[in-house]
1. For the range 46-244, just run the numbers: alpha carbon Rg, then divide by 2.2 N^0.38 Å, N being how many residues it has.
2. Evaluate the distance, in nm, between pseudo-label points positioned 7 Å from the Cα of residue 96 and of residue 131 along their respective Cα→Cβ axes.
3. Could you please rank 64, 133, 107, placing first whichever residue has the fewest other Cβ atoms within 10 Å of its Cβ?
4. Given labels modelled 7 Å from the Cα in the Cβ direction, how far is it in nm from residue 237 to residue 65?
5. Quick check: net charge around residue 175, other residues with Cβ under 11 Å of its Cβ, Lys/Arg +1 and Asp/Glu -1?
6. Taking the Cβ-Cβ separation of residue 222 and residue 119 as r and a Förster radius of 22 Å, what is the calculated FRET efficiency to the nearest 0.05?
7. Give me a comma-separated list of calculated 3J(HN,Hα) values for the range 161-175, in order, Karplus coefficients 6.51, -1.76, 1.60 applied at θ = phi - 60°, integers in Hz, x for any Gly or Pro.
8. Ranking 233, 68 by Cβ neighbours within 10 Å, fewest first, what do you get?
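Read the figures in this text as sums done on the coordinates, not as results from a lab. Everything quoted here is computed from the prediction, not taken from an experiment. When we count neighbours, we look across all protein chains shown, and the Cβ atoms used for this are built from the backbone with ideal geometry, even at glycine.
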Amino acid sequence: MKKIMTLLFCLCLFQFSSNAQFGKLKNAAKKAEAKLKNTGSSLSSDEIGKGLKEALNVGVGDATDFLSTENGYLNSQYKILLPEEAQKVIKKVKRVPGFENADEKMTKLLNAAAEKAASKAKPIFINSIKQMTINDAIDILMGEKNAATQYLNKTTRKQLFTEFIPVVQESLDEVNARTYWTKIAKAYNRVSFGKKVNTELDQHVTNKALDGMFSLVEVKELDIRKNKSARSSDLLTKVFARQDK
């Protein structure tokens, strides 16, 4: 009898939880529909959701593909420069024979590492886009011109940083950036009578790589919002038509 009562209690608890969850989903749907009515949009919430996800997939796909190519960062406005402390070090080391082009070489190595890491970003972005709710999509469509980028930054930046760090570290080693930086640091420490240098490059490269990536995603977002020819499907054309008014 005790087991039966326990089972009945669990079933009731499950039913209550299910009803509560259904209630939350129903309320979310009502809020989404209310937002649409307030904007006077003829679009359905489903169309907006699918359209925003498609636009974000296009934007992040273009951005990650571009930056992950050879010289994607290096030959663009998203070029990663050395941290300020490292620039001071190299300025002094350039006087040492064999290190005349240290700044150019080191910058190229840092960007090469970022390019190798960039290819890891796309699946993280796509997973975040899949989790987007209808309310998120409506807020993005009706929000600022970079609302989609802000959403991605908020929902993916921490995970991207965690994923990027080991890849950047591996990439720095793969392009011999750490080895070369060690040589620069040793050369600097030989000619400097001040504090010994030990600049950390991993986090600097990772943060700058992510900054560049989100900046390019923002450019792609703005293009879809403002440029009709950038809307590569009928759904994108329909969803972003209100941007043309």
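1. Numbers: Rg = 20.1 Å, N = 199, 2.2 N^0.38 = 16.4 Å.
This ratio for the range 46-244 stands at 1.22.
2. A separation of 4.5 nm, rounded to one decimal place.
3. Numbers: 64 23, 133 13, 107 19.
Least crowded to most crowded, the residues run 133, 107, 64.
4. 2.1
5. 0
6. Calculated transfer efficiency: 0.40.
7. 4, 4, 6, 6, 3, x, 5, 4, 4, 5, 5, 4, 6, 5, 9
8. Details: 233 13, 68 19.
Placing the least packed residue first, the sequence is 233, 68.
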